[in-house]
Amino acid sequence: MSEITFSINPRGEELADLLARVPSGEPVVMLNLLRFRERAEYLDSDEEISGVEAYQRYSERAGAFVAAVGGELQWLGSARSPLIAPPGEDWHKVMLVRYPSIEKFVEMLRNPEYQAITFHRTAALSDSRLIACLEN
């Protein structure tokens, strides 16, 4: 059995792999699995807020960046109980966000103004998954 790896932010090699594996110019739905910290962990602040509150701060700002590249939230829900998953792989929220193409998604990620708000997401999450999905 493999050990669980905690992942919050994409690394450069992961973005390169994403662009290589997802066809150019096709709509893509990004599956987000989110697990929140009980208390947000900001690197440069002692502010006492929950991970959920920190993620809300991120979401309120991120929506404009998603819309600016033609993306839209498709579905958001609460995860309840895994049936088939490694032990301990519980999630709090599941989100589907559709983008016109993988290039538009990466354009958003590379936007310095978007990057400036991601510290809220980093502070909020104890673990996450972000998976590119294509319609069949």
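No value in this document is a laboratory result; all are computed from the given coordinates. Computed from a predicted structure; not experimentally measured. Neighbour counts run over all protein chains shown; Cβ positions are idealised from the backbone, glycine included.
Structural remarks
- P(r) histogram, all alpha-carbon pairs of the chain included - 10 Å bins from 0, percent: 11, 40, 37, 11, 0
- Split the chain at each of the trypsin sites (Lys or Arg not before Pro) in a DSSP loop with at most 11 other beta carbon atoms within 10 Å, and the longest piece is 12-79.
- Rounded to two decimals, the Cα radius of gyration of the stretch 58-131 over 2.2 N^0.38 Å is 1.22.
- Most fluctuating residue given options 123, 54, 20, as computed from a GNM of the chain linking Cα atoms under 10 Å: 20
- Within the chain, the longest run free of chymotrypsin sites (Phe, Trp or Tyr not before Pro) that sit in a DSSP loop with at most 16 other Cβ atoms within 10 Å is 43-136.
- When the charge dipole of the chain is built from unit charges on Cβ atoms (+1 for Lys and Arg, -1 for Asp and Glu) and taken about the Cα centre, the candidate among 31, 62, 7 whose Cα reaches farthest toward its positive end is 31.
- Taking amide hydrogens as placed 1.01 Å from N in the peptide plane, the amide H of residue 101 sits under 5 Å from those of 28, each at least 5 positions away in sequence or on another chain.
- For the chain, modelled as a GNM whose springs connect Cα atoms under 10 angstrom apart, the maximal fluctuation among 31, 96, 19 occurs at 19.
- With at most 15 other Cβ atoms within 10 Å, longest stretch of the chain clear of loop GluC sites (Glu not before Pro) (DSSP): 90-134
- Residue of 68, 40, 116 that the Gaussian network model of the chain assigns the largest fluctuation, springs spanning Cα pairs under 10 Å: 116
- Projecting the Cα atoms of 19, 91, 136 onto the charge dipole of the chain, computed from C-beta unit charges around the Cα centre, puts 136 farthest toward the positive end.
- Once backbone amide H atoms are built at 1.01 Å from N, residue 125 has 37 as its partners under 5 Å, excluding neighbours fewer than 5 places away on the same chain.
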